[in-house]
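For reference, the structure discussed in these notes is given below.
The values are calculated or read from the model by the stated rules, or taken from the named source; none is laboratory data. This is a predicted model, so every value here is computed, not measured. All Cβ positions, even for glycine, are placed from backbone atoms using ideal geometry, and neighbour counts span all protein chains on display. Ligands, DNA and RNA are excluded from the accessible area calculation, which covers all protein heavy atoms including side chains. Shrake-Rupley method; radii C 1.70, N 1.55, O 1.52, S 1.80 Å.
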Amino acid sequence: MATFTMEEKIDKERNDMRTITAALIGAGQRGRGAYAPYALENPDDIRFVAVADADPERRGLFRQEHRISNENCYSSWEDLLAGPKLADAVLICTQDKMHYEPAIKALEKGYHVLMEKPMSPDPVECIIMGEYAEKYNRVFSICHVLRYTDFFATLKQLVTDGRIGRLVSIQHTENVEHRHQAHSFVRGNWSNSETSSPMILQKSCHDMDILQWLADSECTKVSSFGSLTHFRKENAPENAPLRCLDGCPVKEECPYYAPKMYIERDDWVGTVLRSVVSNDTSDEGVLRALKDGPYGRCVYHCDNNVVDHQVVNLEFANEVTVAFTMSAFTYEGGRSVKLMGTHGQIRADMEKNEIEVTSFITREKETIRIDTDLSGHGGGDNGIMRDFVRLVRSGGTEKGLTGAKTSVQSHLIAFAADISRLEQRVILMAEYTNELKRELSSKK
């Protein structure tokens, strides 16, 4: 056990309480809307001192909200990282294909990094980023926010405590929710894998991470099936125009009619969606954006190519097996899980925030209700920010719930699942990892 002098103890206590500084790269919905508000609510923990975003309006809004000086506002990450080090940490919240270069540069310049998932649509880039984090001894956290929710933390603790004996199998469903699919993966930024990522990586690397965490072992085999079945041109209603506002004949019964999705919806999700569609979130501003923007397109006349349903089977080294389903065709969102062990089972529904534990031995059931706000990924967005502040304060000496190396492994599972789906074969993870290592060696 390490011993400290009184002076060292005082210095450590001061460091544990200091306000860390951060720069934001990408002031969109995740950067500005999900993670940065933590700084406004917890000003003693973290303060943003710089921002980079190509959109001058978003950049200006972030500057005002966080009282950033004009000289620390940049139109590109290249400009922000070209000068002297501005802060303790950088949050990278750009689009999927824009993560790798700023991450490498930030680590080289001495920044700790918090990065929105997925790390990259390229598995080799994921591996390199993981190696760089170790090389430069920096905190490098990927936003696998589900680990930081009370819901999944409770599930993990129940399994660790042996409440159902030895874990044997998992059924896990990601309910994408039909409108979420239409917004993000048909009309939105992640609709086309050529410009973003495969959906199993972009949407479900969260789930691959959680499943790996719950199984507590190395994944050995992956198989997957899935397709784009519904959101295709041949399924468009008769005489449906290219855009919803151009006289859609089925606007009353279509669940994806744009004004219905973006103007009439009045829950917290609706508020988030408005901010994505338009910087002007008034009814008039959103309506203007729908007339000629991507979110006003008919969902059957878009350039989307990612799946709308997919199943993945996993086998782990400790013989735990997983059946994972991701589907757009659900009314509700969130995740539902069934954990099956040698002495009992657990049923859990994230949308209801309920966990039911049943013992084979006593035949008794216990219902656990999680008292957490369901917005912000069930509290996970704030949770990962809180943990990131702690890790940065420690200079990377303390351990987090996850790290770059672990994130790389869950990303590789998602990549393997997409290969399996496309090539119709079982992927042996050891062989796949070795292939990537050979590819990486050839590039060095």
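Here are some notes:
- Ligands, DNA and RNA excluded, the heavy atoms of R30 present near 50 Å² of accessible surface to a 1.4 Å solvent probe.
- Accessible-area composition of the chain, carbon plus sulfur, in percent [1.4 Å probe]: 48 percent
- Assigned charges on the beta-carbon of Lys, Arg, Asp, Glu; the chain dipole about Cα centre (debye): 500 debye
- Rounded accessible area of C244 (nearest 10 Å², 1.4 Å probe): 10 Å²
- Rounded to whole numbers, the Karplus 3J(HN,Hα) couplings from phi for region 136-144 are 9, 6, 10, 5, 9, 9, 9, 6, 7 Hz, using 6.51 cos²θ - 1.76 cosθ + 1.60 with θ = phi - 60°, and x at Gly and Pro.
- Close amide-amide hydrogen proximity is noted between C298 and R243, C244, each under 5 Å apart and 5 or more residues distant or on a separate chain (H modeled in the peptide plane; Pro and chain starts excluded).
- Prolate/oblate/rounded call for region 243-355, Cα gyration tensor, a/c under 1.5 rounded: prolate
- For region 414-444 versus region 302-318, the gap between their alpha-carbon centres in whole angstrom: 15 Å
- Solvent exposure of Y300, expressed as accessible area, is near 20 Å², computed with a probe of 1.4 Å over the protein chains only.
- Residue-averaged 222 nm ellipticity for the chain, from DSSP H runs of 4+ at -39500 (n - 2.57), nearest 500: -10500 deg cm²/dmol
- Pairs exceeding a 24 Å alpha-carbon distance, out of K233/K352; K203/K338; K203/K399: K233/K352; K203/K399.
- Inter-part distance, region 77-121 to region 236-281, computed on C-alpha centroids, equals 34 Å.
- Extending 7 Å from Cα along the Cβ direction at T229 and again at R67 yields two label points whose distance is 5.4 nm.
- Average accessible surface area per residue within the chain, 1.4 Å rolling probe, Å²: 47 Å²
- Each residue of region 228-243 is assigned a 3J(HN,Hα), and the resulting list reads 9, 9, 9, 7, 9, 4, 5, 9, 5, x, 4, 6, 5, x, 5, 10 Hz, derived from the Karplus form 6.51 cos²θ - 1.76 cosθ + 1.60 (θ = phi - 60°), x at Gly and Pro.
- Once the GluC sites (Glu not before Pro) in DSSP loops with at most 14 neighbouring Cβ atoms within 10 Å are cut out of the chain, the longest remaining piece is 1-193.
- Cα-only Debye scattering, region 11-160: base-10 log of I(q)/I(0) at q = 0.09, 0.15, 0.20 Å⁻¹: -0.29, -0.80, -1.30
- Summed side-chain charge close to I419 - residues other than I419 whose Cβ falls under 15 Å, Lys, Arg +1, Asp, Glu -1: -3
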